[in-house]
Amino acid sequence: MRPAPRAKVRRARLVVSKVDTWSVLKLAFLLSVALGIITVVASLVLWLVLDLTGLFQGINELLSMLGGSAEGADIKKFLSLGNTALFSTLISVVNVILLSALSVLGAILYNIAASLIGGIGVTLTDD
């Protein structure tokens, strides 16, 4: 018995000549919000790990030894969990705005460049 003959692989060569800026904005916004959530959660987990390992206490002892003050310094007053969450949330919001705006700008620049040089060629195959 002979095996069935293999069909020819079809190939299509396409050119990405335009990118929809609205779609780029939606995707960039969604991905940057996900990155912002990851940033906030990671900073809070890092703060908890540093607190559980006693790093803040060690820094307080080092600062009181170097400063020579009797009452000592309290680094957790400045780097509290609330301040860390607030700072990472602010950074994430700014990151969402900047990434969304820069992605739209990149899409506009791609559309201008694609109109001048023809876009990016893509070859699709049928397996």
Counting only helices (runs of 4 or more DSSP H) wholly inside the range 1-97, the ones holding at least 3 residues that are touching a helix residue (DSSP H, G or I) at 6+ places or on another chain (Cβ under 6 Å) are 21-52, 55-67
Those residues of the range 8-41 which are in contact with a Ser or Thr (Cβ under 8 Å, 6 or more places away or on another chain), surrounded by fewer than 15 Cβ atoms within 10 Å (Cβ to Cβ) and among the small types (Gly, Ala, Ser) amount to Ala12, Ser17
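Tell me whether the range 50-61 contains one or more residues that are touching a Ser or Thr at 6+ places or on another chain (Cβ under 9 Å), surrounded by 15 or more Cβ atoms within 10 Å (Cβ to Cβ) and over 30 Å from Ala7 (Cβ atoms). Write out each step before concluding.
Here is the first cut: in the range 50-61, the ones touching a Ser or Thr at 6+ places or on another chain (Cβ under 9 Å) are none.
No, because not a single residue in the range 50-61 is touching a Ser or Thr at 6+ places or on another chain (Cβ under 9 Å), surrounded by 15 or more Cβ atoms within 10 Å (Cβ to Cβ) and over 30 Å from Ala7 (Cβ atoms).
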Exactly one of Val33, Val15, Val19, Val40 is among the β-branched types (Val, Ile, Thr), touching a Phe, Trp or Tyr at 6+ places or on another chain (Cβ under 7 Å) and in contact (Cβ under 8 Å) with a residue 24 or more places away in the chain, and that one is Val19
Within the range 102-127, the residues that are hydrophobic (A, V, I, L, M, F, W, C), surrounded by 13 or more Cβ atoms within 10 Å (Cβ to Cβ) and either free of Cβ contacts under 8 Å to residues at least 60 places away in the same chain or not in a helix (DSSP H, G or I) (or both) are Ile120
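Looking for whichever is aliphatic (A, V, I, L, M) and modelled with pLDDT under 95 here; the options are Ala70, Ala42. Which one fits?
Only one candidate qualifies: Ala70.
The values are calculated or read from the model by the stated rules, or taken from the named source; none is laboratory data. The model shown is predicted, which means the values in this text are computed figures rather than measured ones. Quick reminder, even Gly has a Cβ in these numbers, built from the backbone with ideal geometry, and neighbours come from all protein chains shown.
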